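Peer 1: If you scroll down you'll find the structure; I have some questions about it.
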Amino acid sequence: MTLKNKILSALGVVVALTVTAFIVQSCGIYSFTGTSIQPDVKTVTINYFEYKALKVNPSLSNQITEALQEKFIKLTKLELVDIDGDLEIVGAVTGYDVKATAITESEAAAQNRLTVTVKISFVNRKYPEDDFPDKSFSAYQDFDATQSLDAVEATLCEDIVEQLCEDIFNATVANW
């Protein structure tokens, strides 16, 4: 291969990479975090999650709200605003239940499951076709029945909140 051909070949590779980078950048909806946010969507409002479950966990609403806000701040370029964001999430904790999941031969609970359910409404003011009015998400963690809920509740809730936030994030901006 002559020097001229090598130079032309290298130039072709550079041009191809430049064009590819330009196309990916100009599309504006691809992100390495897996989000598909249109480039003109700049802000998000994540309202405080109301607590509507019968069994009370006084800190859960705050935990979910803050964890979801933090996830959006870390994984997107969206600015968090108090009202009228381009995207808006309104949510409520609708279920907080403990049920036995494994029974021993003496018909006693061997394992229990804490399940948290939230219902959210998602509004995309720029692209209303992406809206969904009410969607429920549930996550759970199992724990040994010999432990009291009070003893394991904080740890279980951390894991549940993390899963709920992941599911909500994916449903709203990752289109999964």
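Peer 1: Return the residue satisfying two criteria in turn: it lies in the range 103-115 and is surrounded by fewer than 19 Cβ atoms within 10 Å (Cβ to Cβ) and either within 30 Å of the chain's Cα centre (by Cα) or of a type outside the set (A, V, I, L, M, F, W, C) (or both), and of such residues it is nearest to PHE72 (Cα to Cα).
Peer 2: THR115
Peer 1: Something else now. Condition first: under 18 Å from the mean Cα position of the chain (by Cα) and in a loop (DSSP other than H, G, I, E, B). Now tell me which residues in the range 41-61 satisfy that.
Peer 2: VAL41, LYS42, ASN47, TYR48, PHE49
Peer 1: Evaluate the range 149-158: report whether one residue or more is touching a Phe, Trp or Tyr at 6+ places or on another chain (Cβ under 7 Å) and modelled with pLDDT of 95 or more.
Peer 2: Within the range 149-158, one or more residues are touching a Phe, Trp or Tyr at 6+ places or on another chain (Cβ under 7 Å) and modelled with pLDDT of 95 or more.
Peer 1: Another question, then. For residues that are of a type in the set (Phe, Trp, Tyr) and part of a strand (DSSP E or B), scanning just the range 123-163, find the one that is surrounded by the fewest Cβ atoms within 10 Å (Cβ to Cβ).
Peer 2: PHE132
Peer 1: Moving on to the next point. Please determine whether any residue of the range 106-113 is in contact with a helix residue (DSSP H, G or I) (Cβ under 9 Å, 6 or more places away or on another chain) and without any contact (Cβ under 8 Å) to a residue 40 or more places away in the chain.
Peer 2: Yes, the range 106-113 has at least one match.
Peer 1: While we're here: Determine, yes or no, whether PHE143 is aromatic (Phe, Trp, Tyr) and either over 15 Å from the mean Cα position of the chain (by Cα) or not assigned by TED's automatic domain parsing to the domain that holds ASN170 (or both).
Peer 2: yes
The values are calculated or read from the model by the stated rules, or taken from the named source; none is laboratory data. From a predicted model like this one, the values you see are computed outputs, not experimental measurements. Positions of Cβ are backbone-derived with ideal geometry, glycine not excepted, and every protein chain shown enters the neighbour counts.
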